[in-house]
Amino acid sequence: PTVILEAGAAGVPVVASAVVGTTDVVRDGETGLLVALGDAEGAAAALQRLFDDEALRERLVRTARDEVVRRFSARDPSTAMVRFYEKAESEGRA
């Protein structure tokens, strides 16, 4: 889910499929919007919500950016990313 982290850092709201890895980075309604894998109608509805609700967009962007900075510091992003994947592997999700 590197592109999701990049979007969060860049201030771009995220709509993503709720799959392993993505759900470790995106908290539905807090740092982005999640939809079921393959749910095109759900994705379209989530995108429409973002287009229609400026306050939601701003809140998601702010929270996602704060999360990226907190969990994946730019001081040493490789170390944070390695820890993330090591944790996922130890939990059997990688």
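The values are calculated or read from the model by the stated rules, or taken from the named source; none is laboratory data. This structure is a prediction, so every number in the text was calculated from the model and none was measured. So basically every Cβ, Gly included, is an ideal-geometry build from the backbone, and we count neighbours across all protein chains shown. The accessibility values were calculated without ligands, DNA or RNA, using every heavy atom of the protein model including side chains. Shrake-Rupley method; radii C 1.70, N 1.55, O 1.52, S 1.80 Å.
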Pairs needed: first member in segment 1-20, within 15 Å of Phe72 (Cβ to Cβ) and of a type in the set (Phe, Trp, Tyr); second member anywhere, open to solvent by 40 Å² or more (accessible area, probe 1.4 Å) and part of a loop (DSSP other than H, G, I, E, B); C-beta distance under 7 Å; at least 6 residues apart or different chains. none
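Residues in segment 35-75 that are of a type in the set (D, E, K, R) and touching a helix residue (DSSP H, G or I) at 6+ places or on another chain (Cβ under 7 Å): how many? First the steps, then the outcome.
Initial filter on segment 35-75 (of a type in the set (D, E, K, R)): 39, 41, 49, 52-54, 57-59, 62, 65-67, 70-71, 75.
Within this subset, residues satisfying the condition of being touching a helix residue (DSSP H, G or I) at 6+ places or on another chain (Cβ under 7 Å) are 49, 57, 65, 67, 71.
Adding up the residues that qualify gives 5.
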Could you tell me which numbered condition Glu86 fails, if it satisfies all but one of (1) modelled with pLDDT under 95; (2) under 16 Å from Ala9 (Cβ atoms)? (2)
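Return the residues of segment 2-42 that are in a helix (DSSP H, G or I) and within 19 Å of Val82 (Cβ to Cβ); say none if nothing qualifies. Give the derivation first.
Here is the first cut: in segment 2-42, the residues in a helix (DSSP H, G or I) are 2-10, 22-25, 40-42.
Residues satisfying the conditions are Thr2, Val3, Ile4, Leu5, Glu6, Gly8, Ala9, Thr22, Asp24, Val25.
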